[in-house]
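Below is one structure, written out as structure tokens, with a few remarks after it.
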Amino acid sequence: MGTGVADAVAAAAKAVVARYGRDPHYILQMLREIQEACDWISPEAIDALQLSLGLPRTKIESVAGFYSFLYTKPRGRYRVLFSDNITDRMLGSMGLLERMCKQLWIERGKTSEDGLVSVDTTSCTGMCDQGPALLVNNYAVTRLDRERVDAICELIRNKIALADWPCEYFRVDDQVQRRDVLLGAALAPGDALAAACARGAQGLLDEIKASKLRGRGGAGFSTGLKWEACRAAQGWKHYVVCNADEGEPGTFKDRVLLASCADLVFEGMTLCALAVGASRGMLYLRGEYRHLLDHLHAVLERRRQGKLLGAGILGRPGFDFDIEIHVGAGAYVCGEESALIESLEGKRGTPRNRPPFPVTHGYLDQPTVVNNVETLAASCLIAQRGGAWYAGIGTPKSAGTKILSVSGDCARPGLYEYPFGVSVREVLAACGADDVQAVQISGPSGICLAAAEFDRHIAFEDIPTAGAFMVFDHSRDMFAVARNFVHFFAHESCGFCTPCRVGTSLLRNLMDKLNNGHGSPYDFAEIEKLNRILQTMSHCGLGHSACNPVLDTIAKFRPAYERRLQHKEFEPAFDLDWALGPARQMTGRDDAAAHFGDSEGEGI
């Protein structure tokens, strides 16, 4: 790197550090903004951060190396990541990736020789209802087809800035197919806050408890009890955190709520602040939703101008609360609340040991409420109309409504809001799904349902879910679906604990072995053994649920696996003939003499 370029990088880094007040807790945001300005995080940028923040170089490099959207080696002016989610694959994303690589004369996962572009995959872009999709420099491009991929290749070759690309490429629709009390809410900004202020902090908390509202992120913990525990906890400062890091493949409801109902989300955070006595809030925005950042900042500023944020909210002395946005950088595990807090503090997103829980020892070891986007938005309805009204919706143990992100083999993908208790069959009929073989609910970590189970209900007492609802018709290979999910878990393991780090990799290798024709009943026994290890010894929920898609599909779609069991006895995974494939390609030979036949020990 030339002296002039190095000086420019150092100047950019110093400007970013100054903007964040030299606070090392913002190191992830600093790294992200430096990369946006300079295309990658160079050694010179790390030098500048080390000098300005007084942090060990190893700490900065450790944080930068944890997040998949941060690059400490050049990845090009255009960094293209195709969604590798199963629904995008079903729509042909991998064929489009190969087409782009061929046109740009580039190998997947590599940077072009001229340093212009790199092409690879990412787990899921949160655009499952309008895929195939990709990210280019963390901005989503939807509805890919051959023509759009060809046009993108031409734009890259001509070095056209993203700002000058056709706006249509970046169009992200809400696609709300069914509204109920939340998506159909007609609350004006400040309505819920005014009602809450009239009740007072304790009155608001009483209404939240009476509503029986439970967390919408999947765990289903009582929102009122969480807020009450945080309010009662001792600390010098209380915090409110909105978890908008929905990384579960097949889920995209938070994207729509933030795009079209951001006032409800921010107002819900402010209600929580009133109830627990917090003065600072943070929204942790999934890195794949970078395109929403400017919009969200504009909503926050409008709320400040309207006295709905800042000092003396609604003219009430002492009611001081403001919100800032932190953007993630590609780490699924940060959806776990303690890992998210670690990330907010400028660390690697490694889940914490619990207890203690965030309500008593959260951000900066202070009492912290972490709630999902949908949960906070729903609290506005309760503040406005009361807990008894909300508790009357849904089922006795599952009050209110649930937003489902429907994708896959259906005529009308998008968001569907139903009162809790709706059957899977009702949702399938509404979204125009025919000839359905299976439904995966709550993403890879959830449950796979066969046709005989479609009369089950979406509710905490039957099928709890964070919202993903993926449909597969009879043309789909359920083994391939499970294999995609297993690859997802192996890729997203944070690596902190050995059972998950090694176990998810071993599980991925077993599924690849079956896929490559070397499966035997022995491998089923190994999968069962891995499941026991992962469930009993993993540090967090990622490892606990990694085997779920495999065990579900083995139990319910066993023929999909038995087709891969080509051997009755143990068969090693390594295939010498297959391993020599690249050598044959390089030498241009593919005749019989260039292969190992059965008589010469194929599969050794």
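The numbers here are math on the coordinates, done by the rules we state, and not lab data. None of the values given here were measured: they were computed from a predicted structure. Ideal geometry is used to build each Cβ from the backbone, glycine not excepted, and the neighbour counts take in all protein chains shown.
log10 I(q)/I(0), Debye, Cα-only the stretch 229-342, no solvent, q = 0.11, 0.18, 0.19 Å⁻¹?
Taken in order of the listed q values, log10 I(q)/I(0) reads -0.36, -0.93, -1.02.
Contour minus end-to-end for residue 139 and residue 498, with contour as 0.36 nm per residue of separation and end-to-end as the Cα-Cα distance?
Value of the extension gain: 125.8 nm.
Treating cross-link reach as a plain straight distance, find the aspartates and glutamates whose alpha-carbon is under 14 Å from the alpha-carbon of residue 14, omitting any fewer than eight places away in the same chain.
Qualifying aspartates and glutamates at Cα under 14 Å: 23, 33, 44, 47.
Computed over the Cα atoms, what is the radius of gyration of the stretch 177-392 divided by 2.2 N^0.38 Å, N being its residue count?
Working it through for the stretch 177-392, the quotient is 0.93.
Where Rh denotes the Kirkwood radius from the mean inverse Cα pair distance, what is Rg over Rh for the stretch 460-604? Write down the numbers at each step before the final one.
Details: Rg = 17.9 Å, Rh = 17.1 Å.
When Rh is taken as the Kirkwood radius, the ratio is 1.05.
Considering the stretch 479-562, what Rg and Dmax in Å follow from its alpha-carbon atoms?
Here Rg and the maximum Cα pair distance are 11.8, 36 Å.
What is the diffusion coefficient of the stretch 298-408 in µm²/s, taking the Kirkwood radius over Cα pairs and the Stokes-Einstein relation at 4 °C with a viscosity of 1.567 mPa s?
76 µm²/s
Which FRET efficiency, nearest 0.05, do residue 551 and residue 475 yield, Cβ-Cβ r, R0 35 Å?
Computed FRET efficiency for residue 551 and residue 475: 0.90.
Along the Cα→Cβ direction, 7 angstrom out, place labels at residue 320 and residue 595. What is the inter-label distance in nm?
7.6 nm
Restricting everything to alpha-carbon atoms, can you work out Rg to Rh for the chain with a Kirkwood hydrodynamic radius?
When Rh is taken as the Kirkwood radius, the ratio is 0.98.
In what sequence do 493, 405, 445 fall when counting other Cβ within 10 Å, fewest first?
Going from sparsest to densest Cβ surroundings: 445, 493, 405.
Is there a pair in 253/307; 212/402; 209/397; 110/513 whose C-alpha atoms are over 18 Å apart, and which pairs would that be?
253/307; 110/513
Report, in deg cm²/dmol and to the nearest 500, the calculated mean residue ellipticity at 222 nm for the chain, where each DSSP H run with n ≥ 4 adds -39500 (n - 2.57) and the sum is divided by the residue count. Walk me through the intermediate numbers first.
Numbers: 25 runs with 258 residues, N = 604.
Using -39500 (n - 2.57) per qualifying helix, the result is -12500 deg cm²/dmol.
If a paramagnetic tag sat 7 Å from the Cα of residue 150 along the Cα-Cβ line, which residues of the stretch 81-95 would have the backbone N under 17 Å from that point?
So the set is 95.
Starting from the Cα-Cα distance between residue 411 and residue 305, subtract it from 0.36 nm times their residue separation and give me the gain in nm to one decimal.
Contour length minus Cα-Cα distance gives 33.9 nm.
Let a ≥ b ≥ c be the square roots of the eigenvalues of the Cα gyration tensor of the stretch 78-173; is it rounded (a/c under 1.5), or, if not, prolate (a/b larger than b/c) or oblate?
The shape class here is oblate.
What full-extension length gain, to one decimal in nm, is calculated for residue 580 and residue 435 as 0.36 nm per residue of separation minus the Cα-Cα distance?
48.0 nm
When a footprinting reagent is the concern and you count Cβ atoms within 10 Å, what order do 591, 552 take, fewest first? Can you show the working numbers first?
Values: 591 7, 552 20.
Going from least to most buried by this count: 591, 552.
Tell me, which longest segment in the chain has none of the trypsin sites (Lys or Arg not before Pro) that fall in DSSP loops with at most 10 further Cβ atoms within 10 Å?
Working: sites that count: 159, 568.
Result, exposed sites excluded: 160-567.
Tell me the label-point distance for the pair residue 51, residue 168, using the 7 Å Cα-to-Cβ offset, in nm and rounded to one decimal.
Label-label distance for residue 51 and residue 168, simple model: 4.9 nm.
If one takes the longest principal axis of the Cα atoms in the chain, at what angle in degrees, from 0 to 90 and to the nearest 10, does the Cα axis of helix 373-385 lie?
Tilt of helix 373-385: around 30 degrees.
FRET efficiency for residue 234 and residue 160, Cβ-Cβ distance as r, R0 = 56 Å, nearest 0.05?
0.50
Go through the stretch 94-130 and name the GluC sites (Glu not before Pro) that are in a DSSP coil and have 14 or fewer other Cβ atoms within 10 Å of their Cβ.
107, 113
With r as the distance between the Cβ atoms of residue 509 and residue 452 and R0 = 22 Å, compute the FRET efficiency 1/(1 + (r/R0)^6) and round to 0.05.
0.10
Just report the Cα centroid separation between the stretch 102-171 and the stretch 49-93, whole Å.
When both Cα centres are located, 16 Å separates them.
Could you tell me how many degrees, from 0 to 90 and to the nearest 10, lie between the Cα long axis of helix 43-53 and the main elongation axis, the longest principal axis, of the Cα atoms of the chain?
In the chain, helix 43-53 runs at an angle near 30 degrees to the longest axis.
So if the hydrodynamic radius of the stretch 33-94 is defined as the Kirkwood radius over C-alpha pairs, what does Stokes-Einstein give as its diffusion coefficient at 20 °C and 1.002 mPa s, in µm² per second? Before the final figure, lay out the partial values.
On the way: Rh = 13.4 Å.
Rounded, D is 159 µm²/s.
How big is the stretch 417-517 in terms of Cα radius of gyration and Dmax, in angstroms?
15.7, 45
So what's the net charge close to residue 132: Lys and Arg +1, Asp and Glu -1, counting the other residues with Cβ under 12 Å from its Cβ?
Value of the local net charge: +1.
Using only the alpha carbons of the stretch 159-247, determine the length spanned along each of the three principal axes and report them from longest to shortest in whole angstroms.
56, 33, 27
What do you get for the angle between helix 57-66 and the principal long axis of the chain? Use alpha-carbon atoms, 0 to 90 degrees, nearest ten.
Here the helix axis deviates by roughly 80 degrees.
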